[in-house]
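Heads up: the structure comes next, in structure tokens.
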Amino acid sequence: MEGHSKLLFLLASNGEAMALYEQSLRSLTNSGTTDFMVFKYSNWQDISKDLEEWEDCTAIDEPTYIKLYANLCKKLRKRIS
């Protein structure tokens, strides 16, 4: 795919959620916290403004992005149902 930038994935969170993630992915997904967001991007400038509200961020791989995105959707769905 010439001319296309490689997609990168990022987890942004508050300190508590990042501490859970650093313990394990399962620790974060099994917790009740929704104080995190995952990003898919190819240009840092596209997300840099959105990252200002978060305390921490770390690069993640695509399978982790998919798991965290789905987990966040489930948690938020429970809140609004």
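Quick notes
- All aspartates and glutamates inside 17 Å of Lys75 as judged from Cα atoms, apart from same-chain residues fewer than 8 positions distant: Glu16, Asp35
- Mean ellipticity per residue at 222 nm, deg cm²/dmol - from DSSP H runs of n ≥ 4 across the chain, formula -39500 (n - 2.57): -15500 deg cm²/dmol
- In the chain, the C-alpha radius of gyration followed by the widest Cα-Cα span (Dmax) gives 13.3, 44 angstrom.
- Rounded to the nearest 10 degrees, the angle from helix 62-80 to the longest Cα principal axis of the chain is 50 degrees.
- Using only side-chain charges placed at the Cβ, +1 for Lys and Arg and -1 for Asp and Glu, the dipole size of the stretch 8-80 relative to its Cα centre rounds to 600 debye.
Read-outs throughout are calculated quantities, based only on the coordinates presented, and are distinct from any laboratory measurement. The structure displayed is predicted, hence computed values, not measured ones. Reconstructed Cβ throughout: ideal geometry from the backbone, glycine too, with neighbour counts over all protein chains shown.
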